[in-house]
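Enquirer: For reference, the structure I am asking about is given below.
Each reported figure results from applying straightforward, stated rules to the coordinates on display, with no laboratory input. Predicted model, so just to flag it, every value in this text is computed and none were measured. Backbone-built Cβ (ideal geometry, glycine too); neighbour counts: all protein chains shown.
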Amino acid sequence: MAIASQTTGAARAELQELAMRHLWMHFSRMGSYGRGQEIPIIVRGDGCYVYDEHGNRYLDGLSALFCVNAGHGRAELGEAAARQVSELDFYTLWSYAHPRAIELAARIASLAPGDLNRVFFTSGGSEAVESALKLARNYHRIRGKGQKHKVIAREIAYHGTSLGALSATGITDLRAQFEPLAPGGCHVPNTNLYRWPDDRHPLWAAAAIEERIQFEGPDTVAAVILEPVQNAGGCFVPPDGYFQQVREICDRYDVLMISDEVICAWGRLGHWLGCERFGYVPDLITVAKALTSAYAPMGAVIASDAIAEPFMQGDVSFAHGFTFAGHPVASAVAMANLDVFEQENLCGHVLAKEAEFRQMLETLHDLPIVGDVRGAGFFQAIELVKDKETKEGFDDEEAEDLLRGFLSGELYRRGLICRADDRGDPVIQLAPPLIADSEQFEEIHDVLRGVLSDAWERIRR
């Protein structure tokens, strides 16, 4: 790890004390901190790197949480926020509009495929998914089909933490604490092709969606929600033709197709929107995270004209919203962020460099712990196994020891922030800022090779 200027010892101690006493971190085992185990405190960011309070430098191989796509330290985004504050600090979109939200909505519509021309802003990803699910229900109800309320999602898929979004999320451990959830969540197999039998039909998982619609009753199903590349489980890519068949199935049963692109939009797969990568046009797209490169919280639902049309008539209203959605400052930051994407051709950079990134990861196949490498664009995963030949994975106790007992901490200690995850079989996920290049790929390789080699030796003992 490179060493940068660091926070003074007294200030570090105070930050740790205050964090342990007052800060409740998300998805964190708070009881694991203390007694010599510090909370990682990140104090500065620059390009593909962040720095902790000790001055240690880390390659941000996860773009914070799949969101700082333009890289850290973009002063121009902060300047755009400051200019907006001096003009209009805040006004709501509840029956009012302001210039930045109008301009941003038009710009997003110009980038979206097909007739997805209407933009409903939110404050983040879970809110975007929640809004899309409510919109799907309301769309059917306003057309006299109020029984259509169920949503079909995929096993292990993550779609957010609000109760409605959680009903679509297919991760048992995340759901169990909060049940009963909002009714209507149904789940079908995902596209983890590595775990499929060799003789399975490539469109088997798409056919499973039709079977579930038929089982539930087409008159009760409102929507199917899918990520272009499924995050949880480790970057599951679709087989050829998968989304085209899902589109046909949704049309056949009057079911809305929602493309959840909270992670996959804004260049992550080398395109403005992830659905472009795989050649399909959904009815609704959910976005967030990298819309502003996370310099301000923001999300949105992008709706087709056909879905929006019933709500544009007479006294009809979609009775839903959030105070800070479409915030002027967030909108200004998003506009500046999209300017950076265009000026630096970040989508083109991902397409030009993804093969090099992937080939670097593929070189790790010589390690006995590496079972599969998969993903698209700058969104890749490595699945870890006990036996490469049989694809035998790890049981729960082994996965706990491997991921939390060793990998997560050791990767961080050696200067790489990425995700070691077991929502499904154990994987390491990588999603660096879209400005990452050969230098960062080499650095990722060197850390991964060393840590995974040590992990295998630890398993063998």
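Enquirer: For Ser293, which sequence-distant residues (separation of 5 or more, or a different chain) have an amide H within less than 5 Å of its own amide H, given hydrogens modelled in the peptide plane?
Expert: So Ser293 has HN proximity to Asn69.
Enquirer: Could I ask something else about it? What's the lysine pair count for the chain at a Cα cut-off below 26 Å, pairs eight or more apart or interchain?
Expert: 5
Enquirer: Per DSSP H run of at least 4 residues, take -39500 (n - 2.57); add these up for the chain, divide by its residues and hand me the 222 nm value, nearest 500 deg cm²/dmol.
Expert: Details: 16 runs with 176 residues, N = 461.
Result for the chain, helices only: -11500 deg cm²/dmol.
Enquirer: Sticking with this one: For Cα pairs less than 8 Å apart in space and 6+ apart in sequence, what is the mean separation divided by the residue count of the chain, i.e. the relative contact order in percent? Please report the intermediate quantities before stating the final value.
Expert: Details: 883 pairs, mean separation 93.0, N = 461.
So the answer I get is 20 percent.
Enquirer: In addition: Just rank Glu17, Glu79, Glu261, fewest to most, by other beta-carbon atoms within 10 angstrom. Provide the component values of the computation, followed by the final result.
Expert: Values: Glu17 10, Glu79 13, Glu261 30.
Starting with the residue having the fewest Cβ neighbours, the order is Glu17, Glu79, Glu261.
Enquirer: Given Phe178, Ile209, Leu193, which one lies farthest toward the positive end of the charge dipole of segment 76-344, if we put +1 on the Cβ of every Lys and Arg and -1 on the Cβ of every Asp and Glu?
Expert: Phe178
Enquirer: Compute the signed sum of charges (Lys and Arg +1, Asp and Glu -1) over the other residues within less than 13 Å, Cβ to Cβ, of Asp421.
Expert: On the way: positive: Arg404, Arg419, Arg423; negative: Asp173, Glu383, Glu400, Asp422, Asp425.
With Lys, Arg at +1 and Asp, Glu at -1, the neighbours total -2.
Enquirer: Amide H to amide H under 5 Å from Lys391: which residues, 5+ apart in sequence or cross-chain, H placed 1.01 Å off N in plane?
Expert: none
Enquirer: Taking H as built 1.01 Å from N, whose amide H comes closer than 5 Å to the amide H of His187, not counting residues under 5 places away?
Expert: Sorted by chain and number, the residues that satisfy this are Ala153.
Enquirer: Place a label point 7 angstrom from the Cα of Tyr194 along the Cα-to-Cβ direction, then list the residues of segment 152-170 whose backbone nitrogen is under 16 Å away.
Expert: 156-157
Enquirer: Still on this structure, I have one more. Taking the Cα centre of each part, how many Å lie between segment 94-123 and segment 192-206?
Expert: Comparing the Cα centres of segment 94-123 and segment 192-206, I get a distance of 38 Å.
Enquirer: Which percent, nearest 5, of DSSP beta bridges in the chain are antiparallel?
Expert: 70
Enquirer: Below 13 angstrom from the Cβ of Cys347, what's the summed charge of the other residues (Lys, Arg +1; Asp, Glu -1)?
Expert: Local charge sum for Cys347: -1.
Enquirer: Treating the beta-carbon of each Lys and Arg as +1 and of each Asp and Glu as -1, no other charges, what is the dipole magnitude of the chain about its Cα centre, to the nearest 20 debye?
Expert: That gives a dipole near 860 debye.
Enquirer: If you average the alpha carbon positions of segment 152-184 and of segment 327-357, how far apart do those two centres end up, in angstrom?
Expert: Distance between centres, Cα-based: 31 Å.
Enquirer: Counting other beta carbons within 10 Å of each Cβ, put Lys289, Lys353 in order, fewest first.
Expert: With the fewest neighbours first, Lys289, Lys353 line up as Lys353, Lys289.
Enquirer: Using the Karplus equation 6.51 cos²θ - 1.76 cosθ + 1.60 (θ = phi - 60°), what ³J(HN,Hα) coupling, rounded to whole Hz, does each residue of segment 164-170 give in order, writing x for Gly and Pro?
Expert: Karplus-based 3J(HN,Hα) across segment 164-170 equals x, 5, 5, 5, 7, 4, x Hz.
Enquirer: For each of Thr169, Thr8, Thr292, Thr191, count neighbouring Cβ atoms within 10 Å of the residue's Cβ, then give the residues from fewest to most. List each step's numbers first, then the result.
Expert: On the way: Thr169 26, Thr8 9, Thr292 30, Thr191 23.
Final ranking by Cβ density, sparse to dense: Thr8, Thr191, Thr169, Thr292.
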